[in-house]
1. Return the total of residues in region 57-66 being in a loop (DSSP other than H, G, I, E, B) and either near the ligand (Cβ under 8 Å from one of its atoms) or more than 18 Å from the chain's Cα centre (by Cα) (or both).
2. Which one of these is without any contact (Cβ under 8 Å) to a residue 24 or more places away in the chain and over 22 Å from residue 47 (Cα atoms): 231, 207?
3. Can you say whether residue 257 is open to solvent by 20 Å² or more (accessible area, probe 1.4 Å), within 16 Å of the ligand (Cβ to nearest atom) and either among the aliphatic types (A, V, I, L, M) or touching a Pro at 6+ places or on another chain (Cβ under 9 Å) (or both), as far as the supplied structure shows?
4. Go through (1) in the same structural domain as residue 292 (by TED's automatic domain parsing); (2) in contact (Cβ under 8 Å) with a residue 60 or more places away in the chain and name the single condition residue 140 misses.
5. If you go through region 312-358 one residue at a time, how many are of a type in the set (Asp, Glu) and open to solvent by less than 20 Å² (accessible area, probe 1.4 Å)?
6. Going residue by residue through region 299-310, is there one that turns out to be touching an Asp or Glu at 6+ places or on another chain (Cβ under 7 Å), open to solvent by less than 20 Å² (accessible area, probe 1.4 Å) and closer than 20 Å to residue 51 by Cβ?
7. Only one residue in 178, 186, 217 is buried (at least 20 other Cβ atoms within 10 Å of the Cβ), in contact (Cβ under 8 Å) with a residue 60 or more places away in the chain and away from the ligand (no atom under 16 Å from the Cβ), so which one is that?
8. Quick check, is residue 159 open to solvent by 10 Å² or more (accessible area, probe 1.4 Å) and in contact (Cβ under 8 Å) with a residue 24 or more places away in the chain?
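The values are calculated or read from the model by the stated rules, or taken from the named source; none is laboratory data. Small disclaimer: the values here were computed from a predicted structure and weren't measured. Backbone-built Cβ (ideal geometry, glycine too); neighbour counts: all protein chains shown. Keep in mind that these areas ignore ligands, DNA and RNA; they rest on the heavy atoms of the full protein, side chains included. Shrake-Rupley method; radii C 1.70, N 1.55, O 1.52, S 1.80 Å.
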Amino acid sequence: MSVQTRVLILGGGYAGVMAANRLAAAARPGLAVRLVNPRGQFVERIRLHEYAAGTRAGVAVPFDRLLHPAVRQVPGTAVAIDAGRRTVGLADGETLPYDYLLYAVGSTGPAAPAGALAVADVADAAAARTSLRSLPAGAAVAIVGGGLTALETAAETARAHPRLRVHLWCSALPGPSLPEPSRAGLLRSLRRAGVQVHPEVPVSAAADPRGQLGADLVLWCTGFSVPDLAARSALPVDGAGRLRVDASLRAAGQDRVFGAGDAAVIEDPGYAYLRMSCAAAMPMGAEAAGNILRALEGLPLRRHDSGFQAQCISLGRADGLVQFVGTDDTPRSLHLHGRTAAVLKEIICRMTLRWIRSEAKRSGAYSWPKGPRALRRTPVESRP
Ligand SMILES: Cc1cc2nc3c(=O)[nH]c(=O)nc-3n(C[C@H](O)[C@H](O)[C@H](O)COP(=O)(O)OP(=O)(O)OC[C@H]3O[C@@H](n4cnc5c(N)ncnc54)[C@H](O)[C@@H]3O)c2cc1C
């Protein structure tokens with residue numbers, strides 16, 4: 001290893017912070033870890049629906065309470081990556097050199113049509129929170145989308161604002177990945193919360209959806225989109241703009257660039273089960289950091305190996321659904337509803353911060369569920 005090896009991490013979310021801690025806590029002589037993030041605080045994105053609904057006071061955690069002290073924080077937004085020169089340009093004009101780069105800029109909400117708000121980043125969630133508070137009794141709130149974020153947002157909003165009329169508009173069935181018995185329980189929970197569900201009604205993004213839906217406020221929860229930084233920097237991306245990485249999380253054709261979290265996609269189709277989630281981002285961040293350390297030592301890189309155990313959906317503070325899944329996210333027959341599920345979900349939300357902190361104390365402390373066995377049979381062919 002050279003006297004000073006610079007690892008630059010772009011994005012201080014679940015993947016980036018986990019990676020920064022794994023690298024810094026390894027305490028390799030001469031290894032300097034820098035983390036670039038627009039704000040000096042970590043955002044608990046998995047709680048943004050609570051923040052929007054007003055059931056949680058805040059979602060920001062100061063980095064000083066999560067990061068290993070040796071990680072140097074660089075407040076800023078990366079606007080260009082020059083992989084040839086190994087530099088990153090920031091919005092304020094500064095240029096940062098690197099020896100290894102971890103691309104972990106995450107995701108944000110979909111482009112919401114005029115008149116609608118998303119809840120996928122903190123600014124949008126704050127705007128939704130303010131709007132919800134200011135609505136008069138009897139006003140109608142429409143949540144558009146049928147995935148986990150939409151379901152959580154609808155139930156949380158209805159429970160927190162019983163004076164409002166909350167409608168959920170889904171282009172397909174709510175929770176399309178859920179087996180029928182779980183969906184039946186989910187619908188019961190939504191009904192109990194006071195959410196009126198409108199399944200299989202596509203909502204057009206072409207016009208202001210407030211008019212279409214007769215709503216005073218529309219929360220647009222139809223999925224996530226990723227920053228276009230990799231695409232703008234001529235790095236390999238998929239159709240959605242995610243950095244394409246191999247099974248060792250190294251960018252296609254790039255020796256010194258790794259990717260993790262929502263902003264990266266593993267090209268091997270065997271990994272298609274890995275959905276954008278905190279549950280996938282943290283293992284990817286840890287694995288990418290481990291592989292950067294291996295590359296520095298000249299060791300073969302490890303094939304990423306992570307899987308799922310459950311889809312945990314909070315439906316207000318006292319209700320929830322835990323759908324147990326196989327490692328490849330395929331639902332099993334086992335599921336939990338009600339208060340027990342809500343408690344389990346809350347424990348998992350708290351554990352995410354604990355896992356990140358544990359990694360700051362000891363590199364390698366965090367472990368995660370392994371992925372499908374079939375993936376492990378394929379040999380690792382990644383060179384250091
Ligand atoms: C309401 C809601 C509920 C959710 N619930 C769950 C759940 O229960 N379970 C689950 O597994 N997942 C859940 N998710 C999804 C989860 O939050 C994301 O998948 C996860 O945050 C991805 O982690 P990440 O590290 O890739 O990115 P992020 O957490 O998005 O972090 C990316 C960071 O990069 C920064 N950044 C962006 N652009 C730049 C740039 N150009 N330069 C520097 N920094 C940049 C961002 O500001 C951010 O700090 C939920 C999401 C939402 C919105």
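1. Going through region 57-66, the residues in a loop (DSSP other than H, G, I, E, B) turn out to be 57-59, 66.
Narrowing the set further to residues that are either near the ligand (Cβ under 8 Å from one of its atoms) or more than 18 Å from the chain's Cα centre (by Cα) (or both) leaves 57.
Counting residues in region 57-66 that are in a loop (DSSP other than H, G, I, E, B) and either near the ligand (Cβ under 8 Å from one of its atoms) or more than 18 Å from the chain's Cα centre (by Cα) (or both) gives 1.
2. Values: 207 fails: without any contact (Cβ under 8 Å) to a residue 24 or more places away in the chain.
From the options 231, 207, the qualifying one is 231.
3. Details: open to solvent by 20 Å² or more (accessible area, probe 1.4 Å): no; within 16 Å of the ligand (Cβ to nearest atom): yes; either among the aliphatic types (A, V, I, L, M) or touching a Pro at 6+ places or on another chain (Cβ under 9 Å) (or both): yes.
Judged against the criteria, residue 257 is not a match.
4. For residue 140, the failing item is (1).
5. Initial filter on region 312-358 (of a type in the set (Asp, Glu)): 319, 328-329, 346.
Among the residues that remain, those that are also open to solvent by less than 20 Å² (accessible area, probe 1.4 Å) are: 319.
Qualifying residue count for the region: 1.
6. For region 299-310, residues touching an Asp or Glu at 6+ places or on another chain (Cβ under 7 Å), open to solvent by less than 20 Å² (accessible area, probe 1.4 Å) and closer than 20 Å to residue 51 by Cβ: absent.
7. Numbers: 178 fails: away from the ligand (no atom under 16 Å from the Cβ); 186 fails: away from the ligand (no atom under 16 Å from the Cβ).
Answer to the check: 217.
8. Numbers: open to solvent by 10 Å² or more (accessible area, probe 1.4 Å): yes; in contact (Cβ under 8 Å) with a residue 24 or more places away in the chain: yes.
When the stated conditions are applied, residue 159 passes them.
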